[in-house]
Amino acid sequence: MRYFSLILFVLLSFKATAQESEAFIEYQGTVIDSETQDPLPFVNILIEGSNIATVTNSEGDFVLKIPEAMPQAKVSFGYPGYEKLLIILSDLSRNANTISLNPQTTQLDAVNVSVPKNAEALVRLVFENRTQNYLEDETYMTAFYRESINRRNRSASLAEAVVAIEKKPYTSNGKDLVAIYKARKSTNYDRLDTVALKLQGGPLNALYADLMKYPEFFMTPQTISDYDFSFGEPVTDDGRLVYTVNFRQKQSILDPLYYGKLFIDAKSYALTNAVYNMNVENRKLASELFVRKKPNQVKVWPTEITYRVDYRNRDGKWYYGYSNVKLEFVVNWKRKLFNNKYRISSEMLVTDWEKAINVADLSKKSNFKSNTILADEVSGFADPQFWGSYNLIEPEKSIEEAIEKIQRQIERSE
């Protein structure tokens, strides 16, 4: 099996527009559970009849930018296990919208539950039906990407980008291409003490979490037998029955593999979502997968690595919509009493693929390479109108505070 991994450089640290002309309206709000009032993370928000989309952050917050000429457009809020909600944009206010989603009340008996007897056989059907369930045409997408590195609760590196994706057909073995259209970053490696963690690969890391396009990084028909499978409770998504399959590597397998949940459409056998972790019990093997370079006097190992990927459906075809990867690492210096813990996150959201930028129209130098470190390549947070009309993922409160602090520092230095 080939491993998909976020390659980290652990280095000694020495202290030393295309769409912007179009008028748009920005809507902000929070999506919550109507019964518990808890915020709902990763809710898909789409403009009906288009490919314009965003997603709520881990605190349920969202920002949605749409052309001013679409006041009667309908926006849908979708989340597995909840009733789909449609709202006319003109009925939303610009700020402080609270969107309540109702837990799905449809009895599973009413949607004809007929769970297959063999969970492994169902997963095999997912791969067998890959070419007919997912996009068959080359597609140009626009996406928003964010990566951050924190030492404990302090932000040390934050980078964001609008990227163009040349998405190859799921029927093809060709690799997707990514080009940076706009980017900004702030890096303060002093906050990392005497170690600088750098994330190699940038948006390619998030893109390779597309399991149906890159099964070799996750699970293939040949490696399915390395796992044990079982059924969880089925759920409904917009009236569709979705099977839940739990999986975990067999105890006889020593290499770090994965465990988690797959959500599979009962009618088409398409993978709609996946939430899973890498097994990092073997520190040495797990570290070798992720750490490319480090000082000899330092030991580095992951304590948790989590992945999520969500797919969207349009006209009966599924396509990659959102992914995130979150890692926790321990850095331990020899002869030091205490070690340090670092959190790294990488996420990407497809925001449109009708007005996307053709990668071929961009300079070859902007095509992102797998060995590139985004935080070393882009400028700082200096342009208050940087994103213009591009959709992005609303920052979490901690990230938002880091951005505001960075902007204040820039203003003081001008």
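The values are calculated or read from the model by the stated rules, or taken from the named source; none is laboratory data. All values derive from a computational prediction rather than experimental measurement. So basically every Cβ, Gly included, is an ideal-geometry build from the backbone, and we count neighbours across all protein chains shown. Keep in mind that these areas ignore ligands, DNA and RNA; they rest on the heavy atoms of the full protein, side chains included. Shrake-Rupley method; radii C 1.70, N 1.55, O 1.52, S 1.80 Å.
Here are the numbers for the structure shown:
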| read-out | value |
| --- | --- |
| Segment 129-246, relative contact order [Cα under 8 Å, separation at least 6], % | 18 |
| Over 26 Å (Cα to Cα) - which of Lys175/Lys284; Lys84/Lys317; Lys294/Lys397 fall in this group | Lys175/Lys284; Lys294/Lys397 |
| Additional length obtainable on full extension of the chain from Trp333 to Ser100, 0.36 nm per residue less Cα span | 79.1 nm |
| At R0 = 35 Å, FRET efficiency that the Cβ-Cβ distance of Asn118 and Asn173 yields, to 0.05 | 0.75 |
| At R0 = 51 Å, FRET efficiency that the Cβ-Cβ distance of Leu285 and Ile87 yields, to 0.05 | 0.55 |
| Computed FRET value (nearest 0.05) for Glu136 with Tyr214, which takes r as the C-beta separation and R₀ as 22 Å | 0.80 |
| Extended-chain gain in nm, criterion 0.36 nm per residue less alpha-carbon gap, Arg314 and Gln251 | 18.8 nm |
| Exposure rank, largest accessible area first [Glu120, Glu68, Glu347; 1.4 Å] | Glu68, Glu120, Glu347 |
| Nearby aspartates and glutamates by direct alpha-carbon distance to Lys198 (threshold 20 angstrom, same-chain neighbours under 8 apart not counted) | Glu147, Glu160, Asp190, Glu288, Glu304, Glu328, Glu347, Asp376, Glu377 |
